[in-house]
There are 4 protein chains.
Amino acid sequence: MSESSPPRHQRRKEARPAELAAAALSLFVEKGFAATRLDEVAARAGVSKGTLYLYFDSKEALFRAVIEGSVVPLVEQSEARIEALKHDPERLLRETLVNWWFNFGATELGGICKLMISEAGNFPEVAAYYNEAVIVRWMNLLGRVLELGMEQGVFRRLNVDILRQQVFFPLLMQSVWKNSLAGCCAPVALPDSYFDTYFDLVFRGLLAAPPLEPSR
Amino acid sequence: MSESSPPRHQRRKEARPAELAAAALSLFVEKGFAATRLDEVAARAGVSKGTLYLYFDSKEALFRAVIEGSVVPLVEQSEARIEALKHDPERLLRETLVNWWFNFGATELGGICKLMISEAGNFPEVAAYYNEAVIVRWMNLLGRVLELGMEQGVFRRLNVDILRQQVFFPLLMQSVWKNSLAGCCAPVALPDSYFDTYFDLVFRGLLAAPPLEPSR
Amino acid sequence: MSESSPPRHQRRKEARPAELAAAALSLFVEKGFAATRLDEVAARAGVSKGTLYLYFDSKEALFRAVIEGSVVPLVEQSEARIEALKHDPERLLRETLVNWWFNFGATELGGICKLMISEAGNFPEVAAYYNEAVIVRWMNLLGRVLELGMEQGVFRRLNVDILRQQVFFPLLMQSVWKNSLAGCCAPVALPDSYFDTYFDLVFRGLLAAPPLEPSR
Amino acid sequence: MSESSPPRHQRRKEARPAELAAAALSLFVEKGFAATRLDEVAARAGVSKGTLYLYFDSKEALFRAVIEGSVVPLVEQSEARIEALKHDPERLLRETLVNWWFNFGATELGGICKLMISEAGNFPEVAAYYNEAVIVRWMNLLGRVLELGMEQGVFRRLNVDILRQQVFFPLLMQSVWKNSLAGCCAPVALPDSYFDTYFDLVFRGLLAAPPLEPSR
DNA sequence: GATGAATGAGAATTCATTCAT
DNA sequence: CATGAATGAATTCTCATTCAT
């Protein structure tokens with residue numbers, strides 16, 4: 001009996017912090033940290049304002065939880081893929097980026113990027129944490145993928161710092177855009193052919209032996 | 001006695017609005033709109049709180065003024081360059097982007113991008129104005145430059161929407177980054193060779209006849 | 001130890017709005033709307049400033065509540081008396097006026113007259129509401145009482161509009177006076193014989209067959 | 001030359017305080033003291049805000065000037081009439097009241113009554129001054145007129161305090177009404193026959209030998 | 001004298017946080 | 001655990017008053 005799933009009420013109790021953080025995330029992304037009222041967060045999560053304080057010490061703690069709770073796993077998963085695909089850097093890069101987009105950038109969680117960009121100035125410690133735990137690891141990961149390709153002679157030897165920004169920032173910006181201006185006026189254009197064109201450009205710039213140009 | 005206290009009433013009706021908007025811009029960028037207190041804006045501009053209200057009806061009006069006051073000229077200037085350089089699309093694109101970076105993205109004004117991204121959700125009308133007056137015009141401009149190159153057979157024929165994002169977003173993201181996370185933890189790496197590598201990648205992906213690869 | 005400090009949180013959701021409105025009424029009457037600070041209202045009601053906003057959206061809403069909350073019942077009660085006493089218009093008029101004085105004009109509520117006179121210019125909509133809901137109904141009521149008397153040949157046939165003002169304004173002015181100048185310098189003189197003399201004058205002017213003059 | 005009228009500019013200068021007080025009066029009456037901004041007063045008088053301070057030390061001083069400046073002469077004028085008409089108390093009373101209405105109650109100055117009623121609580125000293133300088137003198141005057149009539153056997157012997165209120169308050173209330181509720185919703189009804197009916201009622205109540213009743 | 005830009009104390013309003021129930 | 005009434009510090013905004021020009 002001790003190993004059976006807990007009763008519904010119990011499960012609810014354990015899920016609460018995540019539910020509250022999820023409600024907070026969408027509001028923080030939408031309106032910013034300062035402009036989001038805890039009333040609203042509580043309402044969206046279907047609890048009373050006081051309940052928030054059973055799980056989080058303060059509004060700032062809620063912010064930290066939102067940031068800290070839900071990004072690290074993705075990085076770890078991608079890091080694990082390196083070993084499996086290190087023999088095929090092109091595919092590795094392609095998968096890594098597509099994976100980021102569909103599992104993070106294009107999801108609710110993608111809002112964290114816009115949020116962190118907006119609030120880094122107000123929460124330097126949280127930003128430092130995020131930088132260490134996510135940004136540095138993620139950019140290192142991209143760097144290692146690119147270096148793998150260079151070592152194998154598949155990618156051109158160029159400044160890796162610049163290269164990974166060049167490769168990643170278009171996707172990152174799409175995600176940020178989606179969570180700010182796109183909400184009220186300039187919808188993101190992401191046609192089906194997006195990744196075709198995106199990778200066409202990326203790899204033509206990147207590959208030592210670019211694909212044959214059909215139009216020539 | 002040689003250092004008398006500054007006069008309490010300094011009359012500067014002409015210059016004041018711009019000074020106030022400049023002070024507001026840097027604070028809005030740094031802390032966000034909601035988290036910026038008008039006290040601080042006034043203090044940074046060297047005036048009292050009440051003075052702000054001689055020039056702006058409300059905090060929101062100040063926000064609008066910050067956004068509306070100072071971006072349009074750049075777009076117009078770049079639009080004017082098209083005609084002069086339409087015979088050399090590669091140089092035109094290069095100049096347009098470098099110009100954007102050094103006259104906007106890398107300056108104080110670049111903070112407007114980060115600010116607008118952060119606050120679009122709270123000020124949909126301002127965002128709509130900014131979208132129309134700046135974003136749409138600027139992306140159209142980039143689109144026209146790319147189309148010029150395609151028409152002349154210099155650039156490959158690809159989806160212009162995707163292309164201009166791919167080309168512009170790395171620069172835009174640099175600017176946004178510079179005004180958020182870079183301030184507290186992850187400084188932007190922009191080595192001298194940045195634009196060499198940037199344009200190497202861009203044009204290798206873009207040009208119908210890519211440059212010879214010297215390194216191989 | 002027997003006198004513990006009062007609990008900081010006293011839950012009285014039911015009674016609060018009325019308590020707050022009562023506190024507001026007396027201060028509004030005493031100092032006027034604009035000169036009354038919400039701090040004072042809250043203090044007089046024994047709550048904090050913020051509590052006011054749990055029950056009223058704004059200072060103006062509080063004003064409306066003060067005006068709207070507590071006058072209508074009196075008019076209705078008086079209207080109901082007409083039917084019961086329509087066969088004796090003299091007594092009906094007498095009762096109506098005495099009733100007004102003791103149940104309204106001379107009570108706390110009487111302050112509403114002075115308040116409305118002072119603030120009509122600043123709150124035209126509230127004034128319009130008060131005019132419709134109270135003034136028009138009350139003056140119509142007085143008019144009907146007078147007409148009843150005329151129809152039965154008890155009262156002289158005169159312009160009812162003027163008549164009811166002549167009859168009512170002395171009482172109304174007493175109430176207004178009581179809530180303004182009387183508070184600081186010129187106390188209202190209301191000797192026991194007031195209503196004797198008042199009705200002596202009123203009915204001598206009004207009655208078709210005036211009472212015999214005992215004093216001559 | 002020394003006796004000729006001063007140059008235009010000079011005349012203007014001397015008239016200023018009165019002009020400013022007049023502008024202030026109408027605004028104070030309309031919106032109350034606290035809700036009137038000195039900006040508005042200055043604008044209505046066609047001067048700048050700073051100019052007000054050349055003539056009045058403070059907003060309160062302006063209020064005092066408004067109250068003190070312009071009521072006393074009327075009382076004095078009416079007091080002077082007593083001697084001339086003391087042999088005909090009925091006509092004296094009639095003239096005194098009609099005079100009050102047309103030279104004060106119905107004019108701009110009548111607004112002072114509403115103003116003083118509204119602000120007595122906030123300016124006890126001004127109210128005390130007004131009480132002494134105007135109210136007491138005016139009510140005494142009315143009292144003396146009534147006593148004259150009683151001494152001559154023309155008026156009935158009744159409590160003078162009550163009597164003068166009964167006689168005067170309807171007119172006073174008309175004036176107050178005109179300057180508050182009448183401005184936004186309930187216009188004062190003053191038909192041509194007003195004073196006929198008014199005096200009919202007053203003197204029928206007052207006179208020892210009332211006029212013959214034509215309708216009987 | 002006159003002006004109007006500048007000031008800053010003061011008031012309304014908001015909202016994170018607390019705590020009795 | 002959960003609630004939501006109550007709190008009060010913090011912030012926007014107003015406007016009487018000052019003073020350099």
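Express the C-alpha Rg of region B:102-165 as a ratio against the empirical globular expectation 2.2 N^0.38 Å, rounded to two decimals.
Output field value: 1.37.
For region D:72-206, what is the convex hull volume of its Cα atoms per residue in Å³?
Convex hull volume per residue, Cα atoms: 111 Å³.
Quick query: amide H of residue C:155 versus all other amide H atoms, modeled in the peptide plane; which residues come in under 5 Å with a sequence gap of 5 or more or a different chain?
C:150, C:208
State log₁₀ I(q)/I(0) for the protein assembly as shown at q = 0.10, 0.11 Å⁻¹ as given by the Debye formula over alpha-carbon point scatterers of equal weight, solvent excluded.
Here the Debye-derived log intensity ratios amount to -1.09, -1.22.
Against the empirical 2.2 N^0.38 Å scaling, what ratio does the C-alpha Rg of region A:8-68 come to?
Details: Rg = 10.8 Å, N = 61, 2.2 N^0.38 = 10.5 Å.
My calculation over the Cα atoms of region A:8-68 gives 1.03.
Relative to the first principal axis of the alpha-carbon coordinates of chain B, what is the inclination of helix B:16-31, with its axis defined by its Cα atoms, in degrees from 0 to 90 and to the nearest 10?
70 degrees
Report the relative contact order of region A:72-206, percent, no decimals, based on alpha-carbon pairs under 8 angstrom and at least 6 residues apart.
Once normalised by length, the contact order is 31 percent.
Looking only at other chains, what is the average number of their beta-carbon atoms within 10 angstrom of each beta-carbon in C:193-206?
Going residue by residue through C:193-206 and averaging, the value is 5.
Defining the label point at 7 Å along Cα→Cβ, can you sort the distances from residue A:136 to the same site in each other copy, shortest first, in nm?
With the label placed 7 Å along Cα→Cβ, residue A:136 yields 4.4, 7.5, 8.5 nm.
Compare C:109, C:20, C:201 in a GNM of chain C, Cα atoms joined below 10 Å, and give the one with the largest fluctuation.
Looking only at C:109, C:20, C:201, the largest GNM fluctuation is found for C:201.
Any idea what angle helix B:137-151 forms with the longest principal axis of chain B, computed on alpha-carbon atoms, 0 to 90 degrees, nearest 10?
Once rounded, one gets 10 degrees.
Quick check on the exposure proxy: order A:48, A:118, D:78 from fewest to most C-beta atoms within 10 angstrom.
A:48, D:78, A:118
Please name which of A:21, D:89, B:169 has its Cα lying farthest along the dipole of the protein assembly as shown towards the positive end, using unit charges on Cβ (Lys, Arg +1; Asp, Glu -1) and the Cα centre as origin.
Positive-end residue among those listed: A:21.
Rounded to the nearest 20 Debye, what is the dipole magnitude of chain B about its Cα centre when Lys and Arg each give +1 and Asp and Glu each give -1 at the C-beta?
That gives a dipole near 320 debye.
For region D:65-110, what are the per-bin percents of Cα-Cα distances with bins 10 Å wide, up to the bin holding the maximum?
Each 10 Å bin holds this share of Cα pairs: 26, 50, 21, 4.
Looking at chain C, which longest stretch skips every one of the GluC sites (Glu not before Pro) that is in a DSSP loop with at most 16 other Cβ atoms within 10 Å, leaving the sites themselves out?
Longest stretch, sites excluded: C:15-216.
Rounded to the nearest 500, what is the protein assembly as shown's calculated 222 nm mean residue ellipticity when only DSSP H runs of at least 4 contribute -39500 (n - 2.57) each, over all residues? Could the numbers behind the result be given before it?
Working: 44 runs with 536 residues, N = 864.
Calculated from helices alone, the mean residue ellipticity at 222 nm is -19500 deg cm²/dmol.
To the nearest 10 degrees, how steeply does helix D:89-100 sit against the main Cα axis of chain D, on a 0 to 90 scale?
So the inclination is approximately 30 degrees.
So what is log10(I(q)/I(0)) for region D:24-133 at q = 0.14, 0.21, 0.22 1/Å, when the Debye sum runs over its Cα atoms only?
Values returned for q = 0.14, 0.21, 0.22 Å⁻¹ are -0.65, -1.12, -1.19.
Chymotrypsin sites (Phe, Trp or Tyr not before Pro) within region D:58-135: which are DSSP loop residues with at most 14 other Cβ atoms inside 10 Å?
none
Each value in this text was obtained by applying a stated rule to the coordinates, not by laboratory testing. Since the model is a prediction, treat every value here as computed from it, not as a measurement. All Cβ positions, glycine included, derive from the backbone under ideal geometry; neighbour counts span all protein chains shown.
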